[in-house]
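The values are calculated or read from the model by the stated rules, or taken from the named source; none is laboratory data. In this text, all values refer to a predicted model and were calculated from it rather than measured experimentally. Every residue, glycine as well, gets a Cβ built from its backbone with ideal geometry; the counts of neighbours run over all protein chains shown.
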Amino acid sequence: MRVKLLYSTDLKAIVGALEAKGVHPDPETLLDHVVYMFEIEDCSRVTTHQLVRHRVASYDQESQRFSAATKEGVVTPPSVAANEAALRAYEDGLKGVYAAYEKMVAAGVPKEDARYILPTSIKTKLVMTVNARSLMHIVWQRTALQAQWEIRELAGALHGLAKEATPELWTRIVEK
């Protein structure tokens, strides 16, 4: 998985503009005004289905209709990769799914209909825009030990990039 910070609000500029108006912002109120835009690549649709449940963010996700559907484009869970028998079963299953997909497309089924058979482990990419308060909530929920491994990894990467961009806001994550 690759995560890149494309944009973050200039916190000093916001504070300066507010102070010029005579408003001395509480750090808590700044959470609603700081925005981050992330590019997320090579994560599974399993993870993006979990991520988009956080409706306070905006998402633009790659369409499967126009992307290549290849076996190389899947995420393999570490628990499967570490287990030889499980990995063999996983790879065999993927071969069958992709063979069926190709047969359907060759038979004239539109790609947008043939894709129904594709696995949710297929890699995707998206752009996510979210404010600091909402991102803190996502990080709080998705880094919990009960969270699935891939969404935990994504939330940790988002947190790290946001903390690097605006460390003043990320001294601690507070869930209310």
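A few notes on this one:
- Subset of region 1-36 that is crowded, with 16+ Cβ neighbours inside 10 Å and closer than 27 Å to ILE122 by Cα - its residue that is nearest to the chain's Cα centre (by Cα): VAL3
- Pick from region 1-14, criterion assigned to a helix (DSSP H, G or I) and touching a helix residue (DSSP H, G or I) at 6+ places or on another chain (Cβ under 7 Å), ranking: farthest from MET128 (Cα to Cα): ILE14
- Residue match in region 162-176 (condition: over 21 Å from THR29 (Cα atoms), surrounded by 19 or more Cβ atoms within 10 Å (Cβ to Cβ), touching a Leu at 6+ places or on another chain (Cβ under 9 Å) and modelled with pLDDT of 95 or more): no
- Odd one out for VAL23 among (1) under 20 Å from VAL75 (Cβ atoms); (2) part of a loop (DSSP other than H, G, I, E, B): (1)
- Scanning region 59-83 for residues that are under 27 Å from VAL35 (Cβ atoms) and modelled with pLDDT of 95 or more gives a single hit, TYR59.
- Some residue of region 38-61 being surrounded by 11 or more Cβ atoms within 10 Å (Cβ to Cβ), touching a helix residue (DSSP H, G or I) at 6+ places or on another chain (Cβ under 8 Å), of a type in the set (Gly, Ala, Ser) and part of a loop (DSSP other than H, G, I, E, B): yes
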